There are 2 protein chains.
Amino acid sequence: MSTRSVTTAIRVLEAVAELQPVGLSELARAVDVPKATVQRVLVTLEELQWIERAKRDGGKWSIAVHAYAVTSRGSSGSRIRDVAIGPLSALQLETGETIHLAVPDELRMVVIERLDTPHVLRAFLALGSRIPMHASATGLAFLAYSSDEFVSVYLQHPLGASTPDTMVDPQEVRAELQVIRSRGYSINPGGLSSGITAIGAALISRELGPVGSISVSGPSSRITPDKFEEYGTAVAATARQISMALPG
Amino acid sequence: MSTRSVTTAIRVLEAVAELQPVGLSELARAVDVPKATVQRVLVTLEELQWIERAKRDGGKWSIAVHAYAVTSRGSSGSRIRDVAIGPLSALQLETGETIHLAVPDELRMVVIERLDTPHVLRAFLALGSRIPMHASATGLAFLAYSSDEFVSVYLQHPLGASTPDTMVDPQEVRAELQVIRSRGYSINPGGLSSGITAIGAALISRELGPVGSISVSGPSSRITPDKFEEYGTAVAATARQISMALPG
DNA sequence: GCCGATGGTTCATTAGATGGACCACTGTTG
DNA sequence: CAACAGTGGTCCATCTAATGAACCATCGGC
């Protein structure tokens, strides 16, 4: 139907990203394509500066910065980021805690922006991190406003535990989503990283439904239950403000 | 010699990234490939979730989050980022200003990490920004420790002015690099954005030479000349610390 | 020495990418 | 309103160029 070689090339590229640093044979096995084909693809991608081989370490392959530079320029989240950055900045100043902006990619949330806290004790999520929806405040908020179909599909996949406190029971998650909807924001105490509590709210486009979410997070010692409501309403208000400014 | 269709596909992808949101005809012109071919590539890339078409706006193409998620997972800079994040966090707390971590891609510096200030007045560079070397503290620091060949090649290209204060004379840049080397850090007052001053230092791998650089930046009203030395030595010390922890 | 890995290359076969020509549609202009 | 210059999109005969089985070279271990 369409450009088989391109498809395999991209599949190889994604495999490199996932397994890096990785060698030829392992890649060929992972993608289930003959070595010779993978080899040609690798050389091509190298010429294009999208991947590079380690100088030592038997010349294993990794993604090159150029690939990152190309794809990060913009990305669909960029318009969201543009309208979000102002309100998020205000929210950061108001709460003094770390703020995350995340958008969905397949079954994960991807962190596309972060504003830092001045505190020495910081909640840290690297930009570009892919985190499970059921284990994060952003993901839960997003799920809470997603369609039933999507939630069902999501919950059919095995729910891994990021920490001992992660919700792994689909029933429990469903109930929590209901709570989030009635409350307007999500609370995730230690479900993604032990000792980190986060409070999130969904960004909802009138036309497209939920398109991402935001959260404020910090050490559980600072984000105590008595602050949940204050931070929750602040996050929810900021999310509403961004939602209204969305292009859709 | 190798996989022509893949090459054109990647060229199309890069063109989309650069011109997004962009339509079929414009793309075909940009990459100088028949519309029909571009069309097939676009459909393929869409199936792979690497690009997406706007719902409104005549269905123009943009890079999808998935592409960003794939390439940001790791990227060669990731190991740098991993070892850098701790020291950078300390530097951010020490100075209270925005910290950037950038690595070279072709003739630009690409911002791969940022720790920002809690100040209302913020120096902001979006992640993934590609900035000219001669116009940025990070770039100048990187150049200062690059090979003569690379510097010569770089200076042969036209030096664009990002602001009225950008150095555009190759001689002047060369002299500045000398100053940076003897001082140990770079200073860039308003050369990238008017009213923003940045101080940078290079990350140097013993085996590979310069692999990136870091900088602290803020409004020129805060980063005044009397702070140059204090911040400069701090940045340089942090850079040295990271350099020693580098894998190479 | 053999064995099981690895990375890398060759080349006959034919799958499949190519691109010129074409259609349908929209908005502009004289 | 007819002609026109754009746009996105599709067909299909031609022949390029992607494929992959078979092959070789090298490495490390036992």
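The values are calculated or read from the model by the stated rules, or taken from the named source; none is laboratory data. Just so it is clear, the structure is predicted and the values come from calculations on it, not from any experiment. Virtual Cβ from ideal backbone geometry, glycine too; neighbours counted across all protein chains shown. Just the protein is used for accessible areas: all its heavy atoms, side chains included, with ligands, DNA and RNA removed. Shrake-Rupley method; radii C 1.70, N 1.55, O 1.52, S 1.80 Å.
General remarks:
Yes/no per residue for (1) more than 8 Å from DNA strand D (Cβ to nearest atom); (2) touching a residue at least 40 places away in the same chain (Cβ under 8 Å):
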residue: B:P21; (1), (2): yes, yes
residue: B:G59; (1), (2): no, no
residue: B:I63; (1), (2): yes, yes
residue: B:I85; (1), (2): yes, no
residue: B:V103; (1), (2): yes, yes
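- Residues located in segment B:206-247, provided they are open to solvent by 40 Å² or more (accessible area, probe 1.4 Å) and more than 22 Å from B:G195 (Cβ to Cβ): B:R206, B:E207, B:L208, B:T233, B:A237, B:R240, B:Q241, B:M244, B:A245, B:P247
- Candidate set from segment B:110-133 (those that are in contact with a Pro (Cβ under 9 Å, 6 or more places away or on another chain) and open to solvent by less than 10 Å² (accessible area, probe 1.4 Å)); member that is farthest from B:G200 (Cα to Cα): B:T117
Yes or no, residue by residue, for (1) more than 14 Å from chain A (Cβ to nearest Cβ); (2) at pLDDT below 95; (3) within 19 Å of the chain's Cα centre (by Cα):
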residue: B:T95; (1), (2), (3): no, yes, no
residue: B:F124; (1), (2), (3): no, yes, yes
residue: B:G190; (1), (2), (3): yes, yes, yes
residue: B:L203; (1), (2), (3): no, no, yes
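- Residue in segment A:135-145 that is open to solvent by 60 Å² or more (accessible area, probe 1.4 Å) and either in contact (Cβ under 8 Å) with a residue 24 or more places away in the chain or away from every other protein chain (no Cβ under 14 Å) (or both) present: yes
- Top-ranked residue in segment B:1-27 [being under 28 Å from A:G209 (Cα atoms) and either among the acidic types (D, E) or within 12 Å of DNA strand C (Cβ to nearest atom) (or both); ranked as most open to solvent (accessible area, probe 1.4 Å)]: B:E18
- Residue satisfying all of: in segment B:1-12; more than 7 Å from chain A (Cβ to nearest Cβ) and closer than 16 Å to A:I10 by Cβ; farthest from the chain's Cα centre (by Cα) among these: B:R4
- Counted residues, segment A:30-60 - those being at the interface with chain B (Cβ under 9 Å from one of its Cβ atoms), part of a loop (DSSP other than H, G, I, E, B) and of a type in the set (K, R): 2
- One residue stands out among those in segment A:181-201 that are open to solvent by 10 Å² or more (accessible area, probe 1.4 Å) and hydrophobic (A, V, I, L, M, F, W, C): the one that is nearest to A:H100 (Cα to Cα), which is A:A198.
Residue-wise test of (1) open to solvent by 20 Å² or more (accessible area, probe 1.4 Å); (2) within 21 Å of A:H100 (Cβ to Cβ); (3) not assigned by TED's automatic domain parsing to the domain that holds B:P210.
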| position | (1), (2), (3) |
| --- | --- |
| B:I99 | no, yes, no |
| B:R108 | yes, no, no |
| B:V153 | yes, no, no |
| B:T163 | no, no, no |
| B:V168 | yes, no, no |
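- Qualifying residue in segment A:58-77 (condition: within 16 Å of DNA strand C (Cβ to nearest atom) and open to solvent by 50 Å² or more (accessible area, probe 1.4 Å)): yes
- Test: residue in segment A:28-39 that is away from DNA strand D (no atom under 12 Å from the Cβ), open to solvent by 40 Å² or more (accessible area, probe 1.4 Å) and over 26 Å from the mean Cα position of the chain (by Cα): yes
- Residue within segment A:5-18 that is modelled with pLDDT under 90 and away from DNA strand D (no atom under 16 Å from the Cβ) present: yes
- Of the residues making up segment B:123-132, those that are closer than 14 Å to B:G190 by Cα and outside any loop (DSSP other than H, G, I, E, B) are B:I131, B:P132.
- Cβ-Cβ under 8 Å pairs, at least 6 apart or on other chains, segment A:160-185 side touching a residue at least 40 places away in the same chain (Cβ under 8 Å), far side open to solvent by less than 40 Å² (accessible area, probe 1.4 Å) and not in a helix (DSSP H, G or I): A:I180/A:S186; A:G184/A:A201; A:Y185/A:I199; A:Y185/A:G200; A:Y185/A:A201
- Scanning segment B:99-118 for residues that are under 15 Å from B:T197 (Cα atoms) and more than 9 Å from chain A (Cβ to nearest Cβ) yields B:I99, B:H100.
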